[in-house]
Structures are given as C-alpha cells and as structure tokens.
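See below for the structure under consideration.
The values are calculated or read from the model by the stated rules, or taken from the named source; none is laboratory data. Quantities reported herein were computed from a predicted structural model and do not represent experimental measurements. Heads up, the Cβs are rebuilt from the backbone with ideal geometry, glycines too, and the neighbour counts pull from every protein chain shown. With ligands, DNA and RNA removed, areas are computed over all heavy atoms of the protein, side chains included. Shrake-Rupley method; radii C 1.70, N 1.55, O 1.52, S 1.80 Å.
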Amino acid sequence: MSTNIPRRGLMLVLSSPSGAGKTTLSRGLLASDSNIMLSVSATTRKKRPNESEGRDYFFVSRDGFDAAIEAGEFLEYATVFDHLYGTPKKPVMDALAAGQDVLFDIDWQGTQQLKERAREDLVSVFVLPPTHDELERRLRIRAQDSDDVVRKRMSKAADEISHWPEYDYVIVNDDLAIAQEKIKAILDAERLRLTRQVGLSDFVRRLT
Ligand code: ADP
Ligand code: 5GP
C-alpha cells in the first residue's frame, strides 16, 4: 500500500525539433501513467489524415483563434511554421489544482511563456534526435507531410535545437524504450519535489 500525500500537479513540457519523436514519447507516457493528461492545443493548421479533432488538436479558424486570444483563453500561444498554436488555460489550471499532471507538446516559444508565468509548476524536457540523418529519416517515414513541408521542417531544425539550454532536462531519443524510461524517471522524481507536496505539513504533524 502506498501513502498518498496531497500534492499540486506539475506541467511537463516536451519540446524537440519536428520529427525527433515527442508525439511518440507523449503517447507512450500517457498510456503508461494514469495521473498525467495531455493538454490539447488549438491550432490554425490543417488536420493530418490520422489526427482527430479534440484528441490531437482543436482545429480552428484564424478568426476563432484571434477571438480566443482576445478573450484571454490561452495560457500561451505562438506562431510555428506559419500557423498559430495555443494552449487553452482552463483545463490546465483545473488539473493542477486537482493534483493531476499535465503534459504539453509545445515549442520553445510556448515554454518560455510558461516559464515566465508558472515557473514553479513547470518541468521542461528537450528531446534531441540521435543524428541529423535520422531526424530527416523520421520526418520522411512519418509520410504525412509533403516533401516541401519536410524540407521546411529540416531547415528549421537547427534553429529549434539551439534552444536546448533553456530546458531543465535533455534526452536523446535514440532507443525509444530507453528514452521513454528516462522521461518516466524525470516525472517520478519531480512529483516528489517538496514544494509540490502541499499536504506534507499536515502529514508530518500527524507523525510527530
Ligand atoms: P514529433 O512529434 O517530434 O514531430 P513523432 O513522434 O511524430 O515526432 O516521430 C516522427 C517519426 O519518428 C514517427 O514515424 C515515429 O514513429 C518515429 N520515431 C519516434 N521515435 C523513434 C525512435 N526512438 N526510433 C525510431 N523511430 C522513432
Ligand atoms: P505539428 O504541426 O507538427 O503538430 O507541431 C508543430 C510544432 O508546434 C511542434 O514543435 C509543437 O510542439 C508546437 N506546438 C503544438 N502546440 C503548441 C502550442 O499550443 N503552443 C506552442 N507554443 N507550440 C505548440
């Protein structure tokens, strides 16, 4: 039996150059851990064939996105590859207060905004590919984007990779299972951080 001390949820951010594997790693983590939920972003980009509304993104028009900005509904938002992407604020705030962790697949711009607004709750992880060629191979095998989009994403990769020093942790996603274990280890350790365990004072008082 394990003793549960009430704690505040944390925000786990995974960022990487497109194709390094953060979507794959996110899905693995969500499937193996029931106390973390995915923050589903809104975007103005087109839906890919294997994506579904509300599971991968909320696909919205430019006008709809602008209205949500105006209404203060985003925790952060940014332009990535010519499209707008943003994190709806309310589901995240409700989850953290209820002791549930939230996983974010967002870029370095969004991570910087979360750092400014919620440093105490934030745990950020940057995912690197093992090599440049492997990154290109992964972008191609995903086969959901045209050659033009793959070229554009490869040319942006160096730019995105340059932001690794701004993160709390860095993982090289070479062997998928090993990378998955490393993310789980970070999450397990960060859940034990004293500042998140809001029920500690009461717990210790009962001990002494
Ligand atoms: P991202 O979300 O970072 O853009 P994805 O998770 O979509 O990247 O991964 C891109 C492609 O690489 C997918 O086809 C995925 O199956 C594959 N992939 C991810 N991680 C690994 C890995 N460790 N080894 C081999 N292929 C991988
Ligand atoms: P994709 O189009 O491949 O799904 O995502 C492109 C990039 O946008 C990825 O780097 C992803 O992390 C980032 N992204 C997705 N949602 C958000 C968001 O809500 N905010 C920010 N800042 N970036 C996001």
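Conditions (1) within 22 Å of Leu192 (Cβ to Cβ); (2) modelled with pLDDT of 95 or more; (3) surrounded by fewer than 19 Cβ atoms within 10 Å (Cβ to Cβ); (4) within 16 Å of ligand 1 (Cβ to nearest atom), marked per residue:
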position: Thr3; (1), (2), (3), (4): yes, no, yes, no
position: Leu25; (1), (2), (3), (4): yes, yes, no, yes
position: Glu70; (1), (2), (3), (4): no, yes, yes, no
position: Gly86; (1), (2), (3), (4): no, yes, no, no
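Counting only residues that are closer than 26 Å to Ala97 by Cβ and open to solvent by 60 Å² or more (accessible area, probe 1.4 Å), which one in region 38-62 is nearest to ligand 2 (Cβ to nearest atom)? Ranking the qualifying residues of region 38-62, first place goes to Phe58. Within region 27-37, the set of residues being within 15 Å of ligand 1 (Cβ to nearest atom) and open to solvent by 50 Å² or more (accessible area, probe 1.4 Å) comprises Arg27, Leu30, Ala31. Close Cβ contacts (under 9 Å, 6 or more residues apart or on different chains) running from residues in region 88-102 that are at pLDDT 95 or above to residues that are open to solvent by 70 Å² or more (accessible area, probe 1.4 Å) and part of a helix (DSSP H, G or I) comprise Gln100/Asp94. Answer yes or no as to whether Val13 is within 23 Å of His163 (Cα to Cα), modelled with pLDDT of 95 or more and within 16 Å of ligand 1 (Cβ to nearest atom). So Val13 fits the description; yes. Of the residues Ile69, Ile5, Ile106, the single one that is within 13 Å of ligand 2 (Cβ to nearest atom), more than 17 Å from Val127 (Cβ to Cβ) and among the β-branched types (Val, Ile, Thr) is Ile69. Of the residues Val123, Val170, Val127, Val149, the single one that is hydrophobic (A, V, I, L, M, F, W, C) and more than 15 Å from the chain's Cα centre (by Cα) is Val149. Of everything listed in (1) touching a Phe, Trp or Tyr at 6+ places or on another chain (Cβ under 9 Å); (2) in contact (Cβ under 8 Å) with a residue 60 or more places away in the chain; (3) within 16 Å of ligand 1 (Cβ to nearest atom), the single unmet condition for Phe81 is (1).
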